[in-house]
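S.K.: This structure is in structure tokens; I'll ask about it shortly.
The values are calculated or read from the model by the stated rules, or taken from the named source; none is laboratory data. Everything numeric in this text was worked out from a predicted model, so none of it was measured. No Cβ is skipped: glycine too gets one built from the backbone with ideal geometry, and neighbour counts run over all protein chains shown. Accessible surface is based on the protein model in full, side chains and every heavy atom, while ligands, DNA and RNA are left aside. Shrake-Rupley method; radii C 1.70, N 1.55, O 1.52, S 1.80 Å.
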Amino acid sequence: NPRFMAFNDDEIMHVANMKADEIVALPDRDRDGVADEHIIAARGFKEAHSLAFYNGVMYVADTDAIIKFRDRDGDLVYEDREVLTSLTSPGPCCDNGWHTTRTIVIDEANQKIYVGIGAPCDLCRSSAPTKAGGTESLPPSEEWGSILEMNIDGTGKRIFATGVRNTVGLALHPITGELWGNNNGH
């Protein structure tokens, strides 16, 4: 179940393979337009959905955290793993909540990270969320149905936008720097 992809600084495509709980690197060393091999770059996720690269670091948006990875020896296997920040989550889809995917984008000019946090249910408020398709309560959080902004080091986390049911796909406008998102509304 591949989801989002990103290129590292060496122009090697990496793919978040969500249901396999891994990030895959697909190098095309002979530049013929076809990946030469399939390398498991990182694994051990709940639902890795999207990723971004900045200054040689791979940032992965998992359902409950943003995780930073470094590849010390350049073999496309990321040995160093550090949780940058935790994220509100009902857990992996879909026992406790829907909309567990997290989309990340990095604003290099302003040194910010943005990540979409979906609402755990179709029609509920962040102050009274319910489990997927039911009426059983989940813990309230202002982060449900929002887009978070934080500094590149994970500090200063705040709510940037609210009222979005499930933002799957974020991008920065290449000229204006405006944040755009695809909101999967009800």
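S.K.: Restricting to the range 2-18, count the residues that are among the charged types (D, E, K, R) and either open to solvent by less than 70 Å² (accessible area, probe 1.4 Å) or touching a Pro at 6+ places or on another chain (Cβ under 7 Å) (or both).
M.R.: Of all residues in the range 2-18, those among the charged types (D, E, K, R) come to 3, 9-11.
Then keep just the ones that are either open to solvent by less than 70 Å² (accessible area, probe 1.4 Å) or touching a Pro at 6+ places or on another chain (Cβ under 7 Å) (or both); that gives none.
Result for the range 2-18: 0.
S.K.: Among the residues of the range 29-52, which ones are out of contact with any His (no Cβ under 8 Å at 6 or more places or on another chain) and either open to solvent by less than 40 Å² (accessible area, probe 1.4 Å) or of a type in the set (Lys, Arg) (or both)?
M.R.: Residues of the range 29-52 out of contact with any His (no Cβ under 8 Å at 6 or more places or on another chain): 29-40, 42-50, 52.
Of everything in the range 29-52, those that are out of contact with any His (no Cβ under 8 Å at 6 or more places or on another chain) and either open to solvent by less than 40 Å² (accessible area, probe 1.4 Å) or of a type in the set (Lys, Arg) (or both) turn out to be 29, 31, 39, 42, 43, 45, 46, 47, 48, 49, 50, 52.
S.K.: Here is a follow-up. Report whether or not residue 109 is at pLDDT 90 or above and part of a loop (DSSP other than H, G, I, E, B).
M.R.: Details: at pLDDT 90 or above: yes; part of a loop (DSSP other than H, G, I, E, B): yes.
Yes; evaluated as a whole, the condition is true for this residue.
S.K.: Taking the stated definitions as given, is residue 34 aliphatic (A, V, I, L, M) and over 17 Å from residue 70 (Cα atoms)? Step through it out loud before you land on a result.
M.R.: On the way: aliphatic (A, V, I, L, M): yes; over 17 Å from residue 70 (Cα atoms): yes.
Judged against the criteria, residue 34 is a match.
S.K.: Is one or more of the residues making up the range 144-155 aromatic (Phe, Trp, Tyr), more than 13 Å from residue 119 (Cβ to Cβ) and out of contact with any helix residue (DSSP H, G or I) (no Cβ under 8 Å at 6 or more places or on another chain)?
M.R.: Going through the range 144-155, the residues aromatic (Phe, Trp, Tyr) turn out to be 144.
Now narrow it down to the ones that are more than 13 Å from residue 119 (Cβ to Cβ): none.
The answer is no, given that none of the residues of the range 144-155 is aromatic (Phe, Trp, Tyr), more than 13 Å from residue 119 (Cβ to Cβ) and out of contact with any helix residue (DSSP H, G or I) (no Cβ under 8 Å at 6 or more places or on another chain).
S.K.: Same structure again: Could you check the range 134-175 and list, in sequence order, the residues that are farther than 12 Å from residue 106 by Cα and polar (S, T, N, Q)?
M.R.: 135, 137, 141, 146, 155, 162, 166, 167
S.K.: So for the range 130-151 (the condition being surrounded by 11 or more Cβ atoms within 10 Å (Cβ to Cβ), touching a Cys at 6+ places or on another chain (Cβ under 6 Å), modelled with pLDDT under 90 and part of a loop (DSSP other than H, G, I, E, B)), does at least one residue qualify?
M.R.: Looking through the range 130-151, at least one residue is surrounded by 11 or more Cβ atoms within 10 Å (Cβ to Cβ), touching a Cys at 6+ places or on another chain (Cβ under 6 Å), modelled with pLDDT under 90 and part of a loop (DSSP other than H, G, I, E, B).
S.K.: Scan (1) open to solvent by 30 Å² or more (accessible area, probe 1.4 Å); (2) over 15 Å from the mean Cα position of the chain (by Cα); (3) within 25 Å of residue 154 (Cα to Cα) for the single condition residue 21 breaks and write down its number.
M.R.: (2)
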